[in-house]
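Undergrad: Quick one: this structure, given as structure tokens, is what I'll be asking you about.
Each value in this text was obtained by applying a stated rule to the coordinates, not by laboratory testing. Keep in mind that what you see is a predicted model, and the values were worked out from it rather than measured. Virtual Cβ from ideal backbone geometry, glycine too; neighbours counted across all protein chains shown.
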Ligand code: HEC
Ligand code: HEC
């Protein structure tokens, strides 16, 4: 029974991964220079795959995230027990009804909250060092830049057609 649950989760993750790969690779498949719209859609895809499960698809926070799961999965603490570590060794993962703690994921849409990070550089470095919480640093630098641009869009601080470059991070104030 537990193994069945584990493989269901695994298949769901695989299906999500396939969707994201198709989304990222499909548009043209060329190495054309990224337009600003491309950063917006890359950032949205990375967010949907790596962040939305905890922070909600629209960044409204944990309640929005939970509502997107099937009803029989919505009691997250059944497996993601709060006393568990935020990151778990691979040997423990999926072997039992045991998974890393989800913590208390806050909403990300509040520009005033984000202002605590000072600049887009502060936000970028925080996210790169700590998120996704169960696998910090697991994305590459460009993906962290793209997803940071998505966070600014969620909070209404960057328009879709605007891009955020690595050179702009430090100068982009969040207030
Ligand atoms: C496993 C659940 C989980 C995932 C997945 C996750 N986060 Fe988080 N996030 C949290 C929790 C919990 C916090 C609160 C701080 C802490 O406990 O580390 C947080 C805090 C944050 C904050 C600080 C917000 C604030 O105002 O304090 C940002 C920004 C953030 N996450 C962005 C992201 C991004 C971007 C991703 C995807 C790359 C992501 N998170 C994936 C759980 C998660
Ligand atoms: C039946 C047990 C179970 C339930 C219920 C469950 N999870 Fe999970 N979850 C797992 C397992 C096992 C993994 C895989 C762990 C790994 O590979 O690191 C996982 C992986 C994840 C991941 C990381 C992989 C990914 O796809 O992003 C997140 C985030 C997550 N769960 C969030 C949630 C949330 C939010 C809920 C409640 C709405 C929830 N889970 C309910 C067992 C469960």
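Undergrad: Compute the FRET efficiency between residue 140 and residue 111 as 1/(1 + (r/R0)^6), taking r as their Cβ-Cβ distance and R0 = 30 Å, and round to the nearest 0.05.
TA: 0.65
Undergrad: Residue separation times 0.36 nm, minus the C-alpha to C-alpha distance between residue 160 and residue 84: what's the value?
TA: Between residue 160 and residue 84, full extension yields 23.6 nm more.
Undergrad: Here is a further query. Please rank 112, 162, fewest neighbouring Cβ atoms within 10 Å first, as an exposure proxy.
TA: Starting with the residue having the fewest Cβ neighbours, the order is 112, 162.
Undergrad: Return the equivalent ellipsoid semi-axes of the stretch 38-171 as a descending list in whole Å, where each equals the square root of 5 times an eigenvalue of the C-alpha gyration tensor.
TA: They are 28, 16, 13 Å, listed from largest to smallest.
Undergrad: Under the definition of Cα pairs under 8 Å and six or more residues apart, what whole-number percent is the relative contact order of the stretch 38-171?
TA: 29
Undergrad: Then there is this: For a Förster distance of 45 Å, can you work out the FRET efficiency between the beta-carbons of residue 66 and residue 167, rounded to the nearest 0.05?
TA: Efficiency, from the Cβ-Cβ distance: 0.75.
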